[in-house]
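Asker: Have a look at the structure that comes next, please.
Read the figures in this text as sums done on the coordinates, not as results from a lab. No experiment lies behind these values; they were computed from the predicted model shown. We place every Cβ from the backbone using ideal geometry, glycine too, and count neighbours over all the protein chains shown.
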Amino acid sequence: MALFLGKYFWIGILVSSISLFLDGEWRYIVLYVGIVLDILVPLIGRKRLRQVPIHTEHLLERFGLFTIILLGESIVAIISVLSSEVMDVGLIFYAACAIVLVLLIWWQYFDNLEKKLDKEQQTAGQLIIYGHLFLFLSLSTTAAGIKMLVLPDVSYHFVVFFLFSSVLVYVLSFSGTFHLYRVPEERLAWIHLALFIGLLVGLFLLVWFVVLSPAFVLLLLCFFFLVFGMMTSK
């Protein structure tokens, strides 16, 4: 297995290294082509990887630690909002709502991680690894959205779309990543996913057509994650 990965990872490394000698947009195109090749290598060698299954509990613990770091980025975004020169009650209330939102995401993620997953499964772990790529992307963009929502020079509708899209990616990637790892009797049905998406879309349409204050936008997201967390963790 190590020989297979070592042999073919060199292809991606070589392609990415070529980008060092290029200028302009081609430098980034070649760099990302090399990264994509490195991502594809384990997928191509899936059968070989399944012969050496991962320790599921340990892998989940590692990704859980990285999730804490990304949630910390949201806290940093909140602090940056509070460090502005103009401070008022509305801004403090917004920061409080943002902290509640981060706490709800933390509760929803880790409560499922600790109580609902079968950590004895013998798999290649690729669903966890690649699924977390999108989970981490959504957490990063959510942190950025929290900060942008109070910036006066950024379009309200753009930030609303950006923020709700991030939450949608989180819901889809969380559901897809952990569904097969949940204890069989704890697995959710398609109707649950439809309910989550329907609720999120309904809240999005509300804040799209009715311009609300940034704090109330976050309160609606808090409500969504409260429902999402209760239904996935019950």
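Asker: For Cα pairs less than 8 Å apart in space and 6+ apart in sequence, what is the mean separation divided by the residue count of the chain, i.e. the relative contact order in percent?
Answerer: Value for the chain: 23 percent.
Asker: Quick one: length gained pulling Ala96 to His179 fully straight, 0.36 nm per residue minus the C-alpha distance?
Answerer: Gain on stretching Ala96 to His179: 26.7 nm.
Asker: Right, something else. Through the Karplus equation 6.51 cos²θ - 1.76 cosθ + 1.60, θ set to phi - 60°, convert the phi angles of the range 136-146 into ³J(HN,Hα) values in whole Hz; use x for Gly and Pro.
Answerer: Calculated HN-Hα couplings, in order: 5, 4, 5, 5, 5, 6, 5, 4, 5, x, 4 Hz.
Asker: Just subtract the alpha-carbon distance of Val201 and Gln51 from 0.36 nm times their residue separation and send over the number in nm, one decimal.
Answerer: 49.8 nm
Asker: A further question on this structure: Specify the residue with the greatest mean-square fluctuation among Gln126, Gln108, Gln51, computed from a Gaussian network of the chain linking alpha-carbon atoms under 10 Å apart.
Answerer: Taking springs between Cα atoms under 10 Å, the residue moving most is Gln51.
Asker: While we're on this one: Give the longest segment of the chain that steers clear of GluC sites (Glu not before Pro) in DSSP loops with at most 15 neighbouring Cβ atoms within 10 Å, not counting the sites themselves.
Answerer: That gives 121-234 as the longest site-free run.
Asker: GNM on the chain, C-alpha springs below 10 Å: top fluctuator among Ile105, Ile197, Ile18?
Answerer: With Cα springs under 10 Å in the chain, the top fluctuation among Ile105, Ile197, Ile18 is at Ile18.
Asker: Related question: Students often get this wrong, so try it: which of [x] 0.95; [y] 1.29; [z] 1.16 is Cα Rg over 2.2 N^0.38 Å as calculated from the structure shown?
Answerer: Evaluating Cα Rg over 2.2 N^0.38 Å on these atoms matches [z].
Asker: In nm, what is the difference between 0.36 nm times the number of residues separating Tyr8 and Phe21 and their Cα-Cα distance?
Answerer: Difference between extended and current length: 2.5 nm.
Asker: Same structure, new question: Once every DSSP H run of n ≥ 4 in the chain is given -39500 (n - 2.57) and the sum is divided by its residues, what mean residue ellipticity at 222 nm do you get, rounded to the nearest 500 deg cm²/dmol?
Answerer: -27000 deg cm²/dmol
Asker: Next question, about the same structure. In whole angstrom, how long is each semi-axis of the equivalent ellipsoid of the range 75-177, when you take the square root of 5 times every eigenvalue of its Cα gyration tensor and sort them from largest down?
Answerer: Over the Cα atoms of the range 75-177, the ellipsoid semi-axes are 32, 15, 10 Å.
Asker: Work out from phi, with θ = phi - 60° and the Karplus expression 6.51 cos²θ - 1.76 cosθ + 1.60, the ³J(HN,Hα) of each residue of the range 54-65, listed in order in whole Hz, and give x for Gly and Pro.
Answerer: Along the range 54-65, the couplings run 7, 8, 4, 4, 5, 5, 5, 5, 4, 5, x, 5 Hz.
Asker: Mind giving me the FRET efficiency for Gln126 and Phe161? R0 is 25 Å, r the Cβ-Cβ distance, nearest 0.05 is fine.
Answerer: Rounded to the nearest 0.05, the efficiency is 0.20.
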